[in-house]
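Colleague: Here's a structure for you.
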Amino acid sequence: MMSKLKIIRAIVTVVIGTMSVWSQCAIAEDGMGGMSMDGMQGGSAPPDARDPHAHADGYDFGPIPRPRMADEAMMAGVMINRLERVQTRDNTYFNAYELQGHIGKDYERLVLKAEGEIDGGKIHEARTELLWSHATSAYWDAQLGVRNDSGDAPGRNWLALGMQGLAPYWFEVDVTAYIGDRGRTALRLSAEYELLFTQKLILQPRIEANFYGVEDAEREIGAGLSNVIAGLRLRYEIRREFAPYIGVDWSGKYGATADYATLTGANTHDTNVVAGLRVWF
Amino acid sequence: MTYKRTKQHVLPNLQRRKFLEGLVMGGVVLGLAPWEYAVALQGNATPAQVLSGTEFDLTIGEAPVNFTGASRMATTINGSVPAPTLHWREGETVTIRVTNRLISSTSIHWHGIILDTKMDGVPGLSYKGIAPGETFTYRFKVGQAGTYWYHSHTGFQEQLGMYGAIVITPAAGETIQVERDYVVTLSEWTDEDPMRVMKKLKMQGDYYNFNQPTVGQFFKDVSKDGLSSALDDRKMWNDMRMSPMDLADISAQTYTYLMNGTAPAGNWNGIFKPGEKVRLRFINSAAMSFFDVRIPGLKMTVVQADGQPVEPVTVDEFRIGAAETYDVIVTPKDEAYTIFAQSMDRSGYARGTLSTNPGMSAAIPALDKAEPLSMGDMMGDMGGGHVHHASTEYGPSVDMRVDSPRTNIDDPGVGLRYNERRVLTYADLKSVSGVMGPAKADMDIEVHLTGNMERYTWSIDGLEFGKSTPIHFPFGKRIRVIYVNDTMMSHPMHLHGMWSDLESPEGKLQVRKHTIVVQPAQSVSFLVSADALGRWAWHCHLMFHMDSGMFREVVVA
């Protein structure tokens, strides 16, 4: 009974937190009603909006083939947000990574998201997603694709549908819903922030929460809020693209996921110290 | 589109690069090709050749340069950076044979010169470009006088050194009597491959900005103004996800600023005898930078803007945007004066010296502190009239819109408002009578300057060039173009082939320009006579903005 209340409280807290982030997005995207900022960002075109092609008068380009510039060029990039050595409270070690790569044009891209833990040269746990990313507004992309969970536990595949972008006050937000087989569903929420101490010394707090629709005994995951990770990383940008960091992650398992952990003798709460590199190119 | 890749040496030490003074002997490594050097005008020989007459041969190639201690390849005309200064005479027909010795296509555009569209040098509009090994012959009658410049219109070649000055003597002879006459070309050099720079900006729009607000700044403001005031100042910027310190896309983190192809340590010298009148033809040939120019101890009298005569106005300082030119007259009396051109973001400067003897230098002022953008730069004029945004300005390509832009043209711009110096504004520039066209317009065209800093995309009316349609200017009509800047950056807008007669906010004709800087959240208008048949480029002259999509094709027919 007590643990159920805890679950409900945890879910409510996270949902309210997410909704306040969402509502911030909504307010900002639709303009601050009544304030001087009304209509400066987001929103949709009024019925009498000006036609940008009004002065084409039927003229087309040519006869010489028109110039093609960077707006029509394909580009690619990879952001390795975390490449780190993790030290647990029990003094065991493993490696972890988190990256996002893309290839495509400015508003339409193929995106790869990958996150995982490597222990003794083997991938102990990994989440890999391949998504089509479509820009819907100035700061947000809608994403659709697939997710694969692999590692020690039995693999899982999901259809993924989500939103990724920059919320007001510079929060980087990623919210993705998943549909697997056998009626499995999941929701992953994550947010990151950057606090500049100097132009090169930057504190990066982050939070992540995972929810599952139904219990998955083979993966020792319970229904409802499954785990929350809150972390702090302090990086020094030797160059923009190359920044070593140190940090700490607090993670907690909840509900039936916590019960599974206790049964197998693992911790339900962990405090890990991390050191790694943030690299992009 | 294929971008020219220059041969690169591996970049040296990856430390954060403080603004580099550059090398004393920086520039094109001499001893390459034995070009004939003509003696410049009275005074010092300028680094670039001076070519006069009616027949010119220009060869485009690559040459090693060394501005920072690292050797790089520049794209050069006749082996020099800047390219040779061309001296023409109004009324004469010039023939310019341009040979391309690169392995990729190239082009030369004559900036501000009125000529046939086939001679305008924009690949995809005027011609296909100049192919490797090809010699293209430009020929046109010079129908104007003043200071102009020329540069590549292909890829990123302009950033890699393909720019030079044009000085045209009036048919009736020079009316401005001076004893010395110098071209002062302001530009930037980066050791990076410009394609790499573009990719970095696409990954992180503020990559080169090392002047962002910090936690320390916040606490300083709290102790000075109180918590609620400090929070209020930041509230709108944070809510909108915009930075008040977004003054320039590319800073001295990668740029070395040059004066006549010489880094600050190299100290370009213009010689004079005390009491002589000196004419300085300032040309901003930079790809991405605005310079704030002053000569401590010397007032400058502006006599020409964009090659066209203006009523003389004496100032302490002026801001020159990419592609603009300003001719000033100074009368130096002391031994040496620093010509100081600081970048708008205050990350670095170009400098040279006016002196009585070669090799002298004067005190170099400290860089001003970078000033943040104001509410007016973000919102415009709250009580002003509403503009008409395009239907395509409500999607992912536009990060903000200004509903009531400011229309005053007497604002020197962010960073120059409170320095207690007399700074030039467009309100001070008045074309001499007879220069501009008729005051009445037959029709209006409104265009909005837009962009998304987070994605680093730039556009007009929310549409990048690839998504745009041509804009038709009916031949023979006088058209009012209304610019509305829906961004927080200044954009130097350049319409090819026809003059832009800037209007005052009261609707009177103000000054003739070929490049008009539109400030953040500002709206200005100009009149243009659609008297040049053909297809003409129209774009922001900040190279990476143009390349990202802030470009249009105008059809005069």
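Colleague: Quick one: which residue in A:142, A:135 is buried (at least 19 other Cβ atoms within 10 Å of the Cβ) and closer than 21 Å to residue B:398 by Cβ? Explain how you work it out, then say what you get.
Modeller: Working: A:142 fails: buried (at least 19 other Cβ atoms within 10 Å of the Cβ).
When all the criteria are applied, what remains is A:135.
Colleague: Suppose the filter is within 13 Å of chain A (Cβ to nearest Cβ) and either touching a residue at least 60 places away in the same chain (Cβ under 8 Å) or touching a Gly at 6+ places or on another chain (Cβ under 6 Å) (or both); does residue B:532 pass it? Explain how you work it out, then say what you get.
Modeller: Working: within 13 Å of chain A (Cβ to nearest Cβ): no; either touching a residue at least 60 places away in the same chain (Cβ under 8 Å) or touching a Gly at 6+ places or on another chain (Cβ under 6 Å) (or both): yes.
Considered against the rule, which asks whether it is within 13 Å of chain A (Cβ to nearest Cβ) and either touching a residue at least 60 places away in the same chain (Cβ under 8 Å) or touching a Gly at 6+ places or on another chain (Cβ under 6 Å) (or both), residue B:532 comes out as no.
Colleague: Looking only at region B:124-154, how many residues end up being among the small types (Gly, Ala, Ser) and in contact with a strand residue (DSSP E or B) (Cβ under 7 Å, 6 or more places away or on another chain)?
Modeller: 6
Colleague: Only residues that are within 23 Å of residue B:81 (Cβ to Cβ) and touching a strand residue (DSSP E or B) at 6+ places or on another chain (Cβ under 8 Å): list them for region B:181-218, please.
Modeller: Residues satisfying the conditions are B:181, B:182, B:183, B:184, B:185, B:186, B:187, B:188, B:189, B:190, B:191, B:197.
Colleague: Follow-up question, since we're still on this one. Looking at (1) in a strand (DSSP E or B); (2) buried (at least 16 other Cβ atoms within 10 Å of the Cβ); (3) not hydrophobic (A, V, I, L, M, F, W, C), can you tell me which one residue A:271 breaks?
Modeller: The one condition residue A:271 does not meet is (2).
Colleague: Among B:385, B:359, B:376, which is surrounded by fewer than 23 Cβ atoms within 10 Å (Cβ to Cβ), in contact with a strand residue (DSSP E or B) (Cβ under 8 Å, 6 or more places away or on another chain), outside any loop (DSSP other than H, G, I, E, B) and at pLDDT below 95?
Modeller: Every option except B:376 fails the conditions.
Colleague: Let me ask something else about it. Given region B:269-349, what strands (runs of 3 or more DSSP E) lie entirely inside it while holding 3 or more residues that are within 16 Å of the chain's Cα centre (by Cα)?
Modeller: B:278-284, B:291-294, B:317-320, B:325-330, B:336-343
Colleague: Which of the numbered conditions does residue A:91 fail, given that it passes all the others? Conditions: (1) without any contact (Cβ under 8 Å) to a residue 24 or more places away in the chain; (2) in a strand (DSSP E or B); (3) surrounded by fewer than 17 Cβ atoms within 10 Å (Cβ to Cβ); (4) away from every other protein chain (no Cβ under 14 Å).
Modeller: With respect to (1) without any contact (Cβ under 8 Å) to a residue 24 or more places away in the chain; (2) in a strand (DSSP E or B); (3) surrounded by fewer than 17 Cβ atoms within 10 Å (Cβ to Cβ); (4) away from every other protein chain (no Cβ under 14 Å), residue A:91 is out only on (2).
Colleague: So for region B:368-380 (the condition being facing chain A (nearest Cβ under 8 Å) and in contact with an Asp or Glu (Cβ under 8 Å, 6 or more places away or on another chain)), does at least one residue qualify?
Modeller: Within region B:368-380, none of the residues are facing chain A (nearest Cβ under 8 Å) and in contact with an Asp or Glu (Cβ under 8 Å, 6 or more places away or on another chain).
Rundown of residues vs (1) modelled with pLDDT under 95; (2) surrounded by fewer than 16 Cβ atoms within 10 Å (Cβ to Cβ); (3) among the charged types (D, E, K, R); (4) within 18 Å of residue A:139 (Cβ to Cβ), yes/no style:
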site: A:21; (1), (2), (3), (4): yes, no, no, yes
site: A:36; (1), (2), (3), (4): yes, yes, no, no
site: A:61; (1), (2), (3), (4): no, no, no, no
site: A:99; (1), (2), (3), (4): no, no, no, no
site: A:107; (1), (2), (3), (4): no, no, no, yes
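Colleague: While we're on this one: Anything in region A:238-280 that is more than 14 Å from chain B (Cβ to nearest Cβ), in contact with a helix residue (DSSP H, G or I) (Cβ under 8 Å, 6 or more places away or on another chain) and closer than 30 Å to residue A:77 by Cα? List them, or say none.
Modeller: none
Colleague: Got at least one residue in region B:393-415 being within 14 Å of chain A (Cβ to nearest Cβ), buried (at least 19 other Cβ atoms within 10 Å of the Cβ) and among the polar types (S, T, N, Q)?
Modeller: Yes, region B:393-415 contains a residue that is within 14 Å of chain A (Cβ to nearest Cβ), buried (at least 19 other Cβ atoms within 10 Å of the Cβ) and among the polar types (S, T, N, Q).
Colleague: How many of the residues making up region A:173-205 are surrounded by 17 or more Cβ atoms within 10 Å (Cβ to Cβ) and not aliphatic (A, V, I, L, M)?
Modeller: Of the residues in that region, 9 qualify.
The values are calculated or read from the model by the stated rules, or taken from the named source; none is laboratory data. Remember, predicted model here, so these are calculated numbers, not experimental data. No Cβ is skipped: glycine too gets one built from the backbone with ideal geometry, and neighbour counts run over all protein chains shown.
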